[in-house]
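Okay, structure first, notes after.
The values are calculated or read from the model by the stated rules, or taken from the named source; none is laboratory data. Remember, predicted model here, so these are calculated numbers, not experimental data. As a convention, Cβ positions derive from the backbone with ideal geometry for all residues, glycine included, and neighbour counts pool all protein chains shown.
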Amino acid sequence: MQSTGTAWSNNKYTAEQMLWSAVLETALNDALTHKDPEERKRAIKWFKDGGQHFQMVCDMANYEPNFVQSRVLSLIEMNNRNTMH
């Protein structure tokens, strides 16, 4: 699987935005590959629920929350299909 590092990084962002982008990247990696199934489920739920904390992290990273949620849920679905085979 391709690293998600390039998906979230952009040299035009401030250090703070890059920090919050790293939070999103960590959550995505947890949702896709965490060894503990419960942690993976929690990360997936965080993206699916799109709650206040998710919205705040997206805002702080300067990302549109609905776009991030839609894209990440598509990646999770694709990952789940690929791991079932």
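Filtered by the rule that a residue be among the polar types (S, T, N, Q), more than 19 Å from M18 (Cβ to Cβ) and touching a residue at least 40 places away in the same chain (Cβ under 8 Å), region 43-85 gives a lone residue, N79.
For region 37-85, a tally of residues being touching an Asp or Glu at 6+ places or on another chain (Cβ under 9 Å), more than 26 Å from A15 (Cβ to Cβ) and either of a type in the set (A, V, I, L, M) or loosely packed, with under 13 Cβ neighbours inside 10 Å (or both) returns 2. Meeting the requirement of 2 or more residues that are under 12 Å from the mean Cα position of the chain (by Cα), among the hydrophobic types (A, V, I, L, M, F, W, C) and modelled with pLDDT of 95 or more, the helices (runs of 4 or more DSSP H) wholly within the chain are 15-33, 37-49, 52-61, 65-84.
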